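Here's the structure, in structure tokens; my notes come after.
The values are calculated or read from the model by the stated rules, or taken from the named source; none is laboratory data. The shown structure was predicted, so the numbers you read here are calculated from the model rather than taken from an experiment. Cβ placement follows ideal geometry from the backbone for every residue including glycine, while neighbour counts extend to all protein chains displayed. The accessibility values were calculated without ligands, DNA or RNA, using every heavy atom of the protein model including side chains. Shrake-Rupley method; radii C 1.70, N 1.55, O 1.52, S 1.80 Å.
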Amino acid sequence: MWATAVGVARVRALETERENALFRDPLAQAFAAAGGLWPSSPPLPDDEAARRRRLAVSFSIVVRTKFLDDLLRQASASGVRQVVLLGAGMDSRAFRMDWPEGTRLFEVDTAAPLDFKASVLRRERAVARCERITVAVDLREDWPGALAAAGHDPAVPTAWIAEGLLIYLPEDAVELLLARISTQSAAGSRLGLTLGSRGVIERFGADAAPGSAASMWISEMPDDPVGWLAGHGWEADSHTLRERAAAYGRPIGTPPQREERPGGLISAVRR
């Protein structure tokens, strides 16, 4: 699973090289190279449909990264000084974003990706711009207990990020994760989620190569994500990839194939 996180780093490295990049992630190339994915390596030869699917996934990673960066900046501006990245993978926000003094950022993931990441960070002599705390725990276990033991304070607001995570979890695990987040969230907490849009598994997963990211996708977004989050005590906004891409100056050139449904980019505030 963490090999997928290295693949995401490759996408971020390629974006960083663009003149009009939506973000800069200087560590992404180091993560991709250490994982055997050189950012400049050509895509595997494949049929045109598979190539288009890969490009679509890469594009969604770029847009969601920018979306969640903006959410975290807004959370910081509102006074939030605790950040939790669930399934952190090769996320380098602790190193590449400017954080207000006193910010504590917790990276929650299993030991294997955190150990791999630590080796790359040491080699790159990377210095975090906030207090960075890693929490090695499986999200199927008592991660709230591990997070509390690492110093997380549920009595003050937290900015939570679950990026590219929920699509890999069965529906009951998604519900449990959100319930646990909600229990640990004081009023004023922020939440950024990426959800698998309706039909994405049918379009991408049906003929996905065994072991590929898409072959492990199992959970799509609820029909009413805003209502779903409201039931857990969150006031949410739902955004489509198309809408956010246009706002960032990267409009999607092809027309929508079907009526636009609620989108899989979610920002929410705990009331």
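Structural remarks
- Less than 5 angstrom separates the built amide H of Ile252 from those of Ala246, all sequence-distant by 5 or more or on a different chain.
- Taking every C-alpha pair closer than 8 Å and separated by at least 6 residues, the mean separation divided by the residue count of the range 55-270 gives a relative contact order of 20 percent.
- For the range 55-270, the solvent-accessible area works out to 45 Å² per residue, with a probe of 1.4 Å and every protein chain left in place.
- Inter-probe distance in nm under a simple model that places probes 7 Å from Cα toward Cβ, at Asp153 and Phe59: 4.4
- Distant-in-sequence amide H partners of Arg132 (H built 1.01 Å from N, under 5 Å): Leu105
- Less than 5 angstrom separates the built amide H of Val84 from those of Phe106, Ala159, Trp160, Ile161, all sequence-distant by 5 or more or on a different chain.
- Spacing of the two label points (7 Å from each Cα toward its C-beta) at Thr110 and Glu17, in nm: 3.1
- Rounded to whole Å, sorted largest first: equivalent-ellipsoid semi-axes of the range 55-270, Cα gyration tensor: 27, 20, 19
- Our coupling estimate for the range 242-247, obtained by passing each phi through the Karplus curve with A = 6.51, B = -1.76, C = 1.60 and θ = phi - 60°, is 4, 5, 5, 4, 4, 5 Hz, Gly and Pro reported as x.
- Portion, in percent, of the accessible area of the range 55-270 that falls on carbon or sulfur, probe 1.4 Å: 51
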